[in-house]
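The values are calculated or read from the model by the stated rules, or taken from the named source; none is laboratory data. Given the structure is predicted, the values throughout are model-derived calculations rather than measurements. Cβ: placed from backbone, ideal geometry, glycine included. Neighbour counts: every protein chain shown.
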There are 2 protein chains.
Amino acid sequence: MNVLIVYAHPEPQSLNGSLKDFAVRHLEAAGHSVQVSDLYAMNWKAPLDASDRTDMPAGARFDASMDSKHAFEHGTQSPDITAEQDKLRWADAVILQFPLWWYSMPAILKGWVERVYAFGFAYGVGEHSDARWGDRFGEGSMAGKRAMVIVTTGGWESHYSPRGINGPIDDLLFPIHHGILYYPGFEVLPPFPIYRTGRMDEARFAATCDALGQRLDDLWTTAPIAFRAQNAGAYEIPALTLREDVAPGEHGFGAHISHQ
Amino acid sequence: MNVLIVYAHPEPQSLNGSLKDFAVRHLEAAGHSVQVSDLYAMNWKAPLDASDRTDMPAGARFDASMDSKHAFEHGTQSPDITAEQDKLRWADAVILQFPLWWYSMPAILKGWVERVYAFGFAYGVGEHSDARWGDRFGEGSMAGKRAMVIVTTGGWESHYSPRGINGPIDDLLFPIHHGILYYPGFEVLPPFPIYRTGRMDEARFAATCDALGQRLDDLWTTAPIAFRAQNAGAYEIPALTLREDVAPGEHGFGAHISHQ
């Protein structure tokens, strides 16, 4: 199978760098093809702006959505965007790997999402009607592909527990899992978090690689997070609120996951 | 009073641009001093990297925290970082204004946080002991200052409601409100969200400005979000989980807000 690792860390000689190298070796040893988008090494341009459309008329008002749509439809996207979209089309599975900085992904990775996720490619896909609100949240261009997050934190696991001060890791990752990966159709696997990275010695690194290797071996069999599909009856359209009989009384991120 | 607006939108002739201009005029008319960090106009460098420490030894392994600490302590931070830290010191209130892209702030603003929030400035401040876990979440360099988010979304208000498919807006903003603003000591005001920006006409824009003007008039009197202070008894240290008798049975982001 084809695996794309989108990797965001500025230092190759880091825990993240070592884990990324391990993942590549492990996947290739299992017979998979691997591409790595090493965003720092690529000097990836983070900010989405008018230069992302190569035929932007001089002096025109830039509209992030409409100019993305135009560029995607007319083949006038910046070449670095097109190259990443081709990698996504090629991939059977996508891994986002990053350190958690200020409770989210690093800016350079956020900018990869903003620029590569063009209108017509990752959003603005499919019909909007009384019955459907676009091909998203369970449908879309990435349908049939799997995705997983590998994330490191300096904080302790308890700090990210259900009553931990940082908030639960699953809730911090919800905007990524649900909003960035499930949105264009990925099946999203449970994440692989590594906590308290300041306390990593050889033995713990070896154990971490063992556990990560197992997750990579199970990439095609692990059950995805059971997010509810947008257009399959769970939501009112166009309000996009859960129907009364779905998860009655529940609210918040967790209500969008089926526990059946 | 002194107000810093950190503003992230690529197009001056946008709703965001118009709202930013309105906010500046309104605050100045009320006698306040205003500075704007217009990140796109400044061509702000988004990715945090080794060049942020100007005396980085050639070939050395870059450590995001330790090199930030060194640079902050030794006056060898990149000048663009120092300038923003000076604005934060000057400000009595800080407004972050941005469009919600993929359920979070734009990459360029995330990169402002990552680079300006140096070790020793916004984190790594204060003692770590059995009784305290640093000056953070209610204490820190920004104590006594207020902060507020102005955020625009293409999606409808119902999509961001308690049972809306995107997740509740307050939960989506929690990593910013609590993790980025409350962390270094800001008092965080309720946000000012503007939904369904594709349906903005003159009348609605005027009403939006009226409402925003009121919020700006009330910047010093609005009750902040009642986040629980880390070192004031609500949390076990060092586990940083809520004590059993605090919000018993509650978990998730909402448990960190006092409803007394």
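Annotations for the structure displayed:
- Filtered residue count, segment A:66-81, keeping only those that are touching a helix residue (DSSP H, G or I) at 6+ places or on another chain (Cβ under 9 Å) and either modelled with pLDDT under 95 or part of a helix (DSSP H, G or I) (or both): 6
- Matching residues in segment B:106-126 - criterion: being at the interface with chain A (Cβ under 10 Å from one of its Cβ atoms), part of a loop (DSSP other than H, G, I, E, B) and not hydroxyl-bearing (Ser, Thr, Tyr): B:Pro106, B:Ala122
- Total residues in segment B:144-188 satisfying the condition of being assigned to a strand (DSSP E or B) and among the β-branched types (Val, Ile, Thr): the figure is 5.
- The set of residues in segment A:137-171 that are aromatic (Phe, Trp, Tyr) and either closer than 15 Å to A:Phe98 by Cβ or without any contact (Cβ under 8 Å) to a residue 40 or more places away in the chain (or both) contains only A:Tyr160.
- Candidates are the residues of segment B:207-221 that are assigned to a loop (DSSP other than H, G, I, E, B) and in contact with a strand residue (DSSP E or B) (Cβ under 8 Å, 6 or more places away or on another chain); the one that is nearest to the other protein chains (Cβ to nearest Cβ) is B:Leu219.
- Residue in segment B:8-31 that is in a loop (DSSP other than H, G, I, E, B), under 20 Å from B:Ile194 (Cα atoms), of a type in the set (S, T, N, Q) and within 14 Å of chain A (Cβ to nearest Cβ) present: yes
- Among the residues of segment A:6-18, those that are in contact with a helix residue (DSSP H, G or I) (Cβ under 8 Å, 6 or more places away or on another chain) and either surrounded by fewer than 22 Cβ atoms within 10 Å (Cβ to Cβ) or polar (S, T, N, Q) (or both) comprise A:Glu11, A:Leu15, A:Ser18.
- Any hit, segment B:82-96, residues being without any contact (Cβ under 8 Å) to a residue 60 or more places away in the chain, surrounded by fewer than 21 Cβ atoms within 10 Å (Cβ to Cβ), farther than 27 Å from B:Pro238 by Cβ and within 11 Å of another protein chain (Cβ to nearest Cβ): no
- Within segment B:223-260, no residue satisfies the criterion of being without any contact (Cβ under 8 Å) to a residue 60 or more places away in the chain, under 20 Å from B:Gly185 (Cα atoms), within 8 Å of chain A (Cβ to nearest Cβ) and part of a loop (DSSP other than H, G, I, E, B).
- In segment A:135-153, the residues that are more than 7 Å from chain B (Cβ to nearest Cβ), under 22 Å from B:Gly252 (Cβ atoms) and in contact with a Gly (Cβ under 9 Å, 6 or more places away or on another chain): none
- Among the residues of segment A:210-235, those that are surrounded by fewer than 17 Cβ atoms within 10 Å (Cβ to Cβ) and not aliphatic (A, V, I, L, M) comprise A:Asp210, A:Gln214, A:Asp217, A:Asp218, A:Trp220, A:Thr221, A:Thr222, A:Pro224, A:Gly233.
- One residue alone among B:Arg61, B:Arg136 is touching a strand residue (DSSP E or B) at 6+ places or on another chain (Cβ under 8 Å), part of a loop (DSSP other than H, G, I, E, B) and at negative phi, and that residue is B:Arg136.
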